[in-house]
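Student: What follows is a structure written as C-alpha cells; I'll ask about it next.
Derivation of every value follows stated rules applied to the coordinates shown; laboratory data play no part. This is a predicted model, so every value here is computed, not measured. Glycine gets a Cβ as well: all are built from the backbone with ideal geometry, and neighbour counts include every protein chain shown.
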Amino acid sequence: DQQVKQNSPSLSVQEGRISILNCDYTNSMFDYFLWYKKYPAEGPTFLISISSIKDKNEDGRFTVFLNKSAKHLSLHIVPSQPGDSAVYFCAARSPFGLTFGKGTHLIIQP
Amino acid sequence: EAGVAQSPRYKIIEKRQSVAFWCNPISGHATLYWYQQILGQGPKLLIQFQNNGVVDDSQLPKDRFSAERLKGVDSTLKIQPAKLEDSAVYLCASVNGTGLLYEKLFFGSGTQLSVL
C-alpha cells in the first residue's frame, strides 16, 4: 500500500520553462512534507519542505504547494535550469518516520 | 565539513553469502539512519540510532539483517545470508539532534549491493 505516490516516473521540460512535480498521499497522519533531490551516484539532498498547517512555501526558484483537502502537493521550479535534472523524491512525516515516494526523474532539455 | 562517508561503494555477492556495510556520520551527529533503496523505489527506513541506542528497527528484517553503532559514532549494517531481493542501494544518513524535521538529514552516497 503506497502512502506517498508520485505517479510520473519521468518529466521532460525545456530550459527556462516551469517544472511541476506532483505528489499524492493517503495518510492523514502526515504532518510535514519534504522534497529531496538526488543526482546519480549521490545520496538525496534536502530541497524544500512544508508544514501541514501551511499551503505554500517558497525558496528562490522552488515553491511547494500543499492542498490538504485533496491530499496533494506539488513542487514548482521556475525557471528550470540544466542543473535541475535529477530525481525528485516527495517524502511525508508521521510519528512512524519518513515515507518516500518512488521519485520523478526530471530532465531539463536545452 | 566532511560529509557522511560510506564504504564500500559497490559490492557484488552470491546469494546466501554475507556482506557488511560501513558508515561514518558527520562529526557530532547523534542520530544515524540506514535506508534501503530498491531500484525504482524511494528510500525505506531500516533502522534509526540515537547515539548508540536503537530508536526504531521495526522495518529491519531481523532474521538476516543486523546493525550496530558501537560508541555512538560509526555504524555497520550486515546481511547474513543475503537473498536476491536484497539487491539495492543502502544509504546511511545522519543528523544533529533528534532529526524530527528530517530537513537536516545528510545522506551518504550509498553502497550499491548486487546479489547474484
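Student: Rounded to a whole number, what is D in µm²/s for the protein assembly as shown from Stokes-Einstein with the Kirkwood radius over alpha-carbon pairs (20 °C, 1.002 mPa s)?
Tutor: Details: Rh = 18.1 Å.
D, rounded to a whole number, is 118 µm²/s.
Student: Further question on the same structure: Compare the Cα positions of A:His76, A:Cys90, B:Leu39 along the charge dipole of the protein assembly as shown (+1 at Cβ of Lys, Arg; -1 at Cβ of Asp, Glu; about the Cα centre) and return the one farthest towards the positive end.
Tutor: Result: B:Leu39.
Student: Now for a separate question. Out of A:Leu66, A:Ser28, A:Ile18, whose Cα points farthest toward the positive end of the dipole of the stretch A:4-109 (charges: +1 Lys, Arg; -1 Asp, Glu; placed on Cβ)?
Tutor: A:Ser28
Student: Sticking with this structure for a sec: Dividing the alpha-carbon radius of gyration of the stretch B:5-97 by 2.2 N^0.38 Å (N being the number of residues), what value is obtained?
Tutor: Computed over Cα atoms of the stretch B:5-97, the ratio equals 1.03.
Student: Translational diffusion coefficient of the stretch A:7-110 at 25 °C, 0.890 mPa s, Stokes-Einstein with Kirkwood Rh over Cα pairs, in µm²/s as a whole number.
Tutor: Values: Rh = 13.8 Å.
Approximately 178 µm²/s, per Stokes-Einstein.
Student: How about A:Lys68: which lysines have a C-alpha closer than 20 Å to its C-alpha, ignoring those fewer than 8 places off in the same chain?
Tutor: Within reach: A:Lys5, A:Lys54, A:Lys56.
Student: How large is the charge dipole for chain A, taken about the Cα centre, if only the Cβ atoms of Lys, Arg (+1) and Asp, Glu (-1) carry charge, to the nearest 20 debye?
Tutor: Numbers: 11 positive and 9 negative charges, 26 e Å.
Dipole about the Cα centre, nearest 20: 120 debye.
Student: Sort B:Lys44, A:Lys37, A:Lys54 by Cβ crowding within 10 Å, fewest neighbours at the top. It would help to have the intermediate numbers written out before the result.
Tutor: Details: B:Lys44 17, A:Lys37 20, A:Lys54 13.
With the sparsest Cβ surroundings first, the list reads A:Lys54, B:Lys44, A:Lys37.
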